[in-house]
1. Return a whole-number percent for the relative contact order of the range 1-133, with Cα pairs under 8 Å and 6 or more residues apart as the contact set.
2. If you bin the C-alpha pair distances of the chain every 5 Å from 0, what whole percents do you get?
3. Pairs on different chains or at least eight residues apart, Cα atoms closer than 21 Å: how many lysine pairs in the chain fit?
4. Using 0.36 nm per residue of separation minus the Cα-Cα distance, give me the extension gain between THR50 and ASP224 in nm, one decimal.
5. Just add up the charged neighbours of ARG197: K/R +1, D/E -1, any other residue whose Cβ is under 11 Å from the Cβ of ARG197.
6. Select from MET1, SER141, LEU18 the residue farthest towards the positive end of the dipole of the range 1-157; place +1 on Cβ of Lys and Arg, -1 on Cβ of Asp and Glu, and compute about the Cα centre.
7. Compute, for the range 55-146, the length of the dipole vector about the Cα centre, with Cβ point charges of +1 (Lys, Arg) and -1 (Asp, Glu) only. Units Debye, rounded to 20.
8. Compute all pairwise cysteine Cβ distances in the chain, then list the cysteines with no distance under 4.7 Å to another cysteine.
Amino acid sequence: MDPPRLRPLCESVAATILNNPEDWERRDEAVLQLAEHFSGLRDAELGGTTDEWKQLWRGLKEPFRMLLGDLRSELVRDACSALVAMAAATRDQFRPLFREILGSLLGALAGGNKVIKRHVDECVDELLQHCRYKGAVALVSEKMTTSRAKIQRESCARFLGVMLEHWGPKYFHDASTLDAIGAALSAGVRDASEVVRRTSRLNFARLYHKSRECQRKAEELLTDMEPRTLAQVRFRVGV
């Protein structure tokens, strides 16, 4: 499996989606074709250069942003299925497209449609396990501290947990990443949503036990907590 062989299909799908804004069924058929094709490549050996993969994904950026912004849950569901199939087949080579569409995925959570939220939640959970895109930490953390949409903050708290649980310590060693996580957890343990507070306490424990550097950051955060929150977090961490 390499980008030159995939390009004709990807270009055809992209053109169908972009050129048929009023025909949602044609767009849906196109994205389902893409999902089916990549599902069959899950165990194939990857070829191609990083630049070739970047060029391939560049043509799919706008089509997927269009699909993820649609109000039809069927389209969002099938777009999510295609993204998961592509990420599962290409792993970290999927990173350039993940970077471009993560904002659209998170934006879809703020619309209030519970069916779309479920599809996007499941999609992002899987994408984060298939592909390590480090920029996701900062973006998810930022949404936790700034979003007014409770359901978006709840989802982002869980996404942060997926990263802390499934990614290795090397993804959390630099100061900017730890600062972003620290801001998200500090806001999360005081959030108006009980779901966010509970998930953030669990994420605090995940951070504490991830590595020595992460533990130092967690201990630093503990010094700024009010007594009741501090007791709850310490109980969850086990210290």
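No value in this document is a laboratory result; all are computed from the given coordinates. What you see is a predicted model; the values in this text were computed from it and never measured. Glycine gets a Cβ as well: all are built from the backbone with ideal geometry, and neighbour counts include every protein chain shown.
1. 27
2. Pair shares across the bins are 1, 7, 14, 17, 17, 14, 11, 9, 6, 3, 2, 0, 0.
3. 14
4. Result for the pair: 58.3 nm of gain on full extension.
5. Net of charged neighbours comes to +2.
6. The one lying farthest along the dipole's positive direction is SER141.
7. Using Cβ point charges on Lys, Arg, Asp and Glu, the range 55-146 gives about 180 debye.
8. CYS10, CYS131, CYS156, CYS214
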